[in-house]
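Would you mind keeping the following structure in view while I ask a few things?
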Amino acid sequence: MDRKIPNIMGTQHPDNAGVPFFKQHQNPFVSAYREIDEAYANFSTLDADEYMWDWEGKHADASVIDRLYSEHYDYFKKHPLGRDKFLTFRFPNIWEEKGYSLMQAMTTILAAEDFAADLGLNRPLFEAILPMTQSADQLISMEDKFASLAHYKGKEFNTGHSDSDNLRMIPLFEGFESQLNAPEILQKFVDMYHDHFGRDLGYLRVFLAGSDSALSNGFLNSIIGNKLALTHLAEFEDKSGIPIYPIAGMGSTVFRGGLSPLMLDRYLEEFPGLKTATIQSAFRYDYPLDVVEPAIIKLREGLQKSKFEFIPHDDQDTLLEIAEKAAKEYHVTLDPLINDLQHIFDVFPKRRDRHQHVGIIGYSRDVDGYKMPRAITFTGSLYSVGIPPEFIGVGRVLTKLNDKEMQILRKYYPNIKQDFEHVSHFFSEKALTALKAQNPAWSGVEEDIQAIEKEFDIKAGPQTPEEEKHADLASDLVKISDNDTKTAIIQRQGELRRFLG
């Protein structure tokens, strides 16, 4: 390898309840303009290796390199972007949404190279993430577009520097099926890349999402999908001989992956083979720095040692069957509940300058046209009404598994009991009673919770004064009508549980 593979990637996911440590004012909202300060703080204070600069569905500052280098030249002279630290753009997917910002993002990359060259620094940006990747053709097309733009710039706007015309794409696989089929897409990409560009790929970084897959098909389906995807990537690496460096996009709550400063051992055990972890906003801002900084050191060490786990094909088939059952039960359970949650979605606190979400939410497209929010809003809303979304559809699936299926699930999901015991502390029985009075369909969730209590010999409900307060607020939230009060309650609950969503 002629480059450093980043282990710790800071992101702009708006899942924090608390105020970022780099802000002087007590406001947890991070504007697009302040994200420059955030990126620098993540590099300089937290020693993150990489920071995702997001152009998908949100406002992004195109002056990012100009401002970082102008305001913090001494730091980046010592720790150059593109060598020691990495800024990685996430592009909009032009096959899924209007790509208004794609050309601006690509032009920013080319202009940044010129500016860095004038400062005597190396090329700062050379990779980009393609969300919702569905085919190898999309990856090749993005690289072609960048090459064409680079050639045009070199001809029409010559700055005295030679423009790099290659941009390494990182595929982001978000849905269950796309994650399972990742090796087929990667193999075609490898073959097309060689034929198209006349050179080989020495390695691949592959991004697996955790949030949208959980939103689309439920928690149990999602975590099994991540595990199967990792073992499929291991098989592809073994077969192709190309080193694979997986990235996982996961948040602090278990529903979105379960990566928090207090759950590192669990995270590393559940997702073997990962090389890059996303420390999202809640990880960084909902714990004190004296907890976050050593957690990052421990996480980096764990990722560097992490190795793929090969799951035998028979066991893969069993896990796949469980995942399919879980997705079906999730949809059946959630379908009649969505309208009850809409008033919570509408008042959920905002943390970033975002466009309306138009990305992959298979549930909203596939089931009666229900309006679904982003995964963070969905997750936090359910926690705030005292119903951890991890429960939805899972309990009744577990009761239907035979002994062999349950044995295999526990083998490859070793922390399943601890995870459900952890999230069960945020269950509010009073809130559920109120929800059932409004809509009897909530009885399905009650059955799930009771089944999980029985299966793992746990008792759902608060265990600490903070959790008691969270449960009481959930009971209040489902009864009140004032929107400002609802938002204030959700904010306070996020502080109590140390993540917004």
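Let me confirm something: among L87, L81, which residue is within 21 Å of the chain's Cα centre (by Cα), modelled with pLDDT of 95 or more and within 25 Å of T276 (Cβ to Cβ)?
Details: L81 fails: within 21 Å of the chain's Cα centre (by Cα).
After ruling out the rest, the residue left standing is L87.
Among the residues of the range 470-484, write down those that are open to solvent by 60 Å² or more (accessible area, probe 1.4 Å) and assigned to a helix (DSSP H, G or I). Write out each step before concluding.
In the first step, residues of the range 470-484 are kept if they are open to solvent by 60 Å² or more (accessible area, probe 1.4 Å); the result is 472, 476, 479, 481-484.
Of everything in the range 470-484, those that are open to solvent by 60 Å² or more (accessible area, probe 1.4 Å) and assigned to a helix (DSSP H, G or I) turn out to be D472, D476, N483, D484.
Residues of the range 74-89 being crowded, with 16+ Cβ neighbours inside 10 Å, out of contact with any helix residue (DSSP H, G or I) (no Cβ under 9 Å at 6 or more places or on another chain) and not β-branched (V, I, T), which ones?
F86
Since G99 meets every condition but one in (1) within 23 Å of F189 (Cβ to Cβ); (2) open to solvent by less than 20 Å² (accessible area, probe 1.4 Å); (3) small (G, A, S), which condition does it not meet?
Condition (2) is where G99 drops out.
Go through D49, D37 for me and flag whichever is open to solvent by 10 Å² or more (accessible area, probe 1.4 Å), farther than 15 Å from D286 by Cα, at pLDDT 95 or above and not hydroxyl-bearing (S, T, Y).
Values: D49 fails: open to solvent by 10 Å² or more (accessible area, probe 1.4 Å).
Every option except D37 fails the conditions.
Got a sec? Which helices (runs of 4 or more DSSP H) wholly within the range 160-247 have at least 1 residues that are acidic (D, E), closer than 20 Å to F310 by Cβ and open to solvent by 10 Å² or more (accessible area, probe 1.4 Å)? Walk me through it before giving the result.
Values: elements: 176-180, 182-197, 211-217, 219-240.
Result: 182-197, 219-240.
What are the residue pairs meeting all of these: first residue in the range 122-143, first residue farther than 17 Å from P183 by Cβ and modelled with pLDDT under 95, second residue in a helix (DSSP H, G or I) and open to solvent by less than 10 Å² (accessible area, probe 1.4 Å), Cβ atoms under 9 Å, and 6 or more apart or on different chains?
Cβ pairs passing all conditions: N122/A116.
Take the range 17-52 and flag every residue that is among the polar types (S, T, N, Q) and in contact with a Gly (Cβ under 8 Å, 6 or more places away or on another chain).
The initial filter retains those residues of the range 17-52 that are among the polar types (S, T, N, Q), namely 24, 26-27, 31, 42, 44-45.
The one that is among the polar types (S, T, N, Q) and in contact with a Gly (Cβ under 8 Å, 6 or more places away or on another chain): N42.
Is there a residue in the range 331-341 that is of a type outside the set (S, T, Y) and within 20 Å of the chain's Cα centre (by Cα)? Quick ask: steps written out before the conclusion?
Restricting attention to the range 331-341, the residues satisfying the condition of being of a type outside the set (S, T, Y) are 331-332, 334-341.
Subsequent filtering for residues that are within 20 Å of the chain's Cα centre (by Cα) retains none.
Within the range 331-341, none of the residues are of a type outside the set (S, T, Y) and within 20 Å of the chain's Cα centre (by Cα).
When you check P288 against the structure, is it surrounded by fewer than 19 Cβ atoms within 10 Å (Cβ to Cβ), within 18 Å of the chain's Cα centre (by Cα) and at pLDDT 95 or above, yes or no? Step through it out loud before you land on a result.
Working: surrounded by fewer than 19 Cβ atoms within 10 Å (Cβ to Cβ): yes; within 18 Å of the chain's Cα centre (by Cα): no; at pLDDT 95 or above: yes.
The answer is no for P288.
Looking only at the range 58-73, decide whether some residue is of a type in the set (V, I, T), over 28 Å from P183 (Cα atoms) and either touching a residue at least 12 places away in the same chain (Cβ under 8 Å) or open to solvent by 50 Å² or more (accessible area, probe 1.4 Å) (or both). Please lay out each step first, then the result.
Here is the first cut: in the range 58-73, the ones of a type in the set (V, I, T) are 64-65.
Adding the requirement that they be over 28 Å from P183 (Cα atoms) leaves 64-65.
Okay, now just the ones that are also either touching a residue at least 12 places away in the same chain (Cβ under 8 Å) or open to solvent by 50 Å² or more (accessible area, probe 1.4 Å) (or both), so 64-65.
Yes, some residue in the range 58-73 is of a type in the set (V, I, T), over 28 Å from P183 (Cα atoms) and either touching a residue at least 12 places away in the same chain (Cβ under 8 Å) or open to solvent by 50 Å² or more (accessible area, probe 1.4 Å) (or both).
The values are calculated or read from the model by the stated rules, or taken from the named source; none is laboratory data. Note that the coordinates shown come from a computational prediction; the quantities given were computed from them, not determined experimentally. When we count neighbours, we look across all protein chains shown, and the Cβ atoms used for this are built from the backbone with ideal geometry, even at glycine. Just the protein is used for accessible areas: all its heavy atoms, side chains included, with ligands, DNA and RNA removed. Shrake-Rupley method; radii C 1.70, N 1.55, O 1.52, S 1.80 Å.
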